[in-house]
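Below is one structure, written out as structure tokens; comments come after it.
The values are calculated or read from the model by the stated rules, or taken from the named source; none is laboratory data. Computed from a predicted model, the values in this text were never measured in an experiment. Positions of Cβ are backbone-derived with ideal geometry, glycine not excepted, and every protein chain shown enters the neighbour counts. Heads up: the accessible areas ignore ligands, DNA and RNA and are worked out on the full protein's heavy atoms, side chains in. Shrake-Rupley method; radii C 1.70, N 1.55, O 1.52, S 1.80 Å.
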Amino acid sequence: MASLKTNTITSYLSQGYAAIIGIAVMPFLFSTLGSDAFGLIGFFTVAQVIINLLGSGFNPTLSREIAKEKIQYQNTYLISVIKSFELIFFCFLLLILIVALFANNWFAIEWFESDLPVELLSSIVLLIFIVCAVRFQSVLYLSALRGSEDFLWINSVSIIINTLRFPISLLLVIYYPSLKLYFGFHLIIAMVELLVMRYRIGKLLGINFWLPDHFSFYNVKKLGRFAKAVAITAVISVVIAQADKVLMSKLLTLSEYGYFTVCIMLANGILLLGFPIGTVLIPRLTALYADGKLDEFRQIYIKFTKFVCIFIVPGAIVLAGFSQNIIYLFTGSTEAANWGKDILSYYTLGNAFLIVAGFQYYQQVAKGDLKYHVRYSMALLLCSLPLIMFFGSEYGVIAVAIIWLFFRVFAFIFWVPYIHAKMKTIKYSHWLFQAVLPSLLVSIIAYALLKEYDENIIENKVTLLVQLVGFYMTILVITFFSYKLVLNKKFKLGNR
């Protein structure tokens, strides 16, 4: 097993690469395929997230179980669990394909407002659902590999897959500009990813057979309580996170939804950079808590929060503060930049708060106690969903973006300290003063200054890029030294 440091570095290299090339190809895809096509790519992203809900309880449960069991070759219990989950996922995959065959025409005719031919839209929607179904099955094996902390292999393969998924697919559509070809190529990549992931987990555990076997209703039932809690919170979280995207896909024209997709993809770049934290941290925190190593648990928890606040939060501030110019940088469209500047700002700031506040969730997963998260998620759903539906329909996408930011800030201020008090693994005051507060104060000042500077579009993209990098590095350095200052005062602050 690689060290936590190695896993973190390789995860960030892999995820950073995916985020950078995913964003880098955006302007070329936008200019080659058009805003309508980009709207379909946005729909593809939302569809994948929603379909993955079917496995929302199984995947984290499998990952946690493997982390607890300390994966061994030919571990009969883990083989039984994986094979049981594998059969369940395969049944879901068939169900998705059947639904897609009957629903693709409905989406093409009733859902999208576009000038694209209905037959073309219908075939593309069908392709989208098939790709989503195949990738849905792959996520099961990916979860098992994460539980075993096989991050070096995962991240190496991820770089290869994302190279095919982004720059290679871009080259393909530049020479053969076809939406059907674009999604058809993604289907081939998804099939390759599925086979490679299944082979790897089979090799680690010694599973030499691929056909359904070793199904254990007892093991599925035994893990059901934790899986159900994870599934409930995951479904609620996705409904909250995706309700606005689904609503906008209906209310906006496909061209406007393409602009909206640009904003969401840019804002989600922050989540992509924060995502490796959870995937690396949860298995290690789970093992430390199970072994009773609470001092090491606290040290790692603080260290990773600092990492996020020092390196990722400044990026979010630059993205939110320079939103108009950044949209122009990636689309070359002043119309898109003016349309989406505030939307990008609000979503990016909301995502930054979401990443930092997410650490309390890692504590709950490590302890295997998600009752508080279930209650909070249900309350959040009941409060936010009606607001999103009403204000989104009445006032449009900008109202939804403001609601998104409001609830992320609310959770950070009120929910995070409550969970720290309930979990009793680390003092909230220590976490806040040592890991969060310096970055928070620097970020508030930096955002106000950058937003004032973003009033006019800088048409020279080289100049703009240099300025963005310069602002990021400046905020990062100031944030870093603010932590140095707090470090000298941490004992005094922590004991208050």
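Values computed for the structure shown
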| quantity | calculated |
| --- | --- |
| Residue 91/residue 156 FRET efficiency (R0 25 Å; Cβ-Cβ; nearest 0.05) | 0.20 |
| Mean Cβ count within 10 Å, highest first, over the residues of peptides 347-356, 244-253 | 347-356, 244-253 |
| Three-way shape label, the stretch 365-461, alpha-carbon gyration tensor, a/c 1.5 | oblate |
| Carbon plus sulfur fraction of accessible area for the chain, probe 1.4 Å, in percent | 68 |
| Cα-centre dipole for the chain with unit charges at Cβ (Lys and Arg positive, Asp and Glu negative), debye to 20 | 2460 |
| The chain: mean projected area of Cα convex hull, nm² | 22.6 |
| Segment residue 369-residue 460, extension gain: residue separation times 0.36 nm, minus the distance between their alpha carbons | 27.5 nm |
| Accessible area expressed per residue, the chain, with surrounding protein chains retained (probe 1.4 Å, Å²) | 44 |
| Theoretical ellipticity at 222 nm over the chain - DSSP helices of four or more residues, -39500 (n - 2.57) apiece, nearest 500 | -27000 deg cm²/dmol |
| Distance in nm between pseudo-label sites at residue 175 and residue 294 (7 Å out along the Cβ direction from Cα) | 6.1 |
| Net charge of neighbours whose Cβ lies under 12 Å from the Cβ of residue 192, counting Lys and Arg as +1 and Asp and Glu as -1 | +2 |
